[in-house]
Amino acid sequence: MRIHKVHQLHKERLARSSKPFNARGANVNRCEFCQVHKDHCICEYQPETTSDAAFLLIMFDTEVLKPSNTGKLIADVIPETHAYLWSRSEPSEEMLALLNNEAYQPFVVFPEEQIEDKSLVRNEVIMEEGKTPLFILLDGSWREAGRMYRKSHIYISYLFFLLRVNNFLITLCVKLQKIISLLLQKLPAWCLICLVNNRTQDI
């Protein structure tokens, strides 16, 4: 199994917690990596994939601690997934360096309805030659993601926004068809049901 950035961030965030994080299902004996009950661990089914895109998860403080967090599923299937905790006033220097790295072309994926400056919106992607698309996701509840967006203009507002939104359905230029195919092949039926219903916290 591949240990990725979300695993590492989860461990770091737990290490500085002063008290247990009691989310729903807190008493379940979970695998520390997939966060599913140890009797039903799905780590061995983590697919081996390749992608021409990279992802950056900017995570609200407690989001990385939630067993139901779906950001880690992206990290499970996209090898180059970066993850950092959000901070309004002290963003990670490593994250800022990534955003300013000329090897990447960054896009913030966010609902158009919540963006005041519509000139930032891009419904079509024109990639610069030789650059890797870096899709940035604000990982939290809708309310938390909105707060992160509004309060992060210092280091986010200069970026383009890739948006194709219809009732909050967002299309990404990644090999999702291949990823879904791999999941269908490798994951048992009960696991797929859990992922689709976003109910892994209750297993």
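Just a few scattered comments:
- A single entry from 14, 9 fulfils the requirement of being part of a helix (DSSP H, G or I), loosely packed, with under 15 Cβ neighbours inside 10 Å and not basic (Lys, Arg): 14.
- Selected residue [of a type in the set (D, E, K, R), under 29 Å from residue 147 (Cα atoms) and surrounded by fewer than 21 Cβ atoms within 10 Å (Cβ to Cβ)] from 63, 80: 80
- Qualifying residue in segment 90-106 (condition: farther than 27 Å from residue 131 by Cα and part of a loop (DSSP other than H, G, I, E, B)): yes
- Close Cβ contacts (under 9 Å, 6 or more residues apart or on different chains) running from residues in segment 78-107 that are under 22 Å from residue 60 (Cβ atoms) and basic (Lys, Arg) to residues that are modelled with pLDDT under 90 and open to solvent by 20 Å² or more (accessible area, probe 1.4 Å) comprise 88/147; 88/151; 88/154.
- Residues of segment 17-47 classified as open to solvent by 70 Å² or more (accessible area, probe 1.4 Å), under 29 Å from residue 96 (Cα atoms) and modelled with pLDDT of 85 or more, total: 1
- Search result, residues across segment 17-60 that are farther than 25 Å from residue 94 by Cα, touching a helix residue (DSSP H, G or I) at 6+ places or on another chain (Cβ under 7 Å) and not in a loop (DSSP other than H, G, I, E, B): 30, 45
The values are calculated or read from the model by the stated rules, or taken from the named source; none is laboratory data. Note that the structure is predicted; figures quoted are calculated from it, not measured. Quick reminder, even Gly has a Cβ in these numbers, built from the backbone with ideal geometry, and neighbours come from all protein chains shown. Heads up: the accessible areas ignore ligands, DNA and RNA and are worked out on the full protein's heavy atoms, side chains in. Shrake-Rupley method; radii C 1.70, N 1.55, O 1.52, S 1.80 Å.
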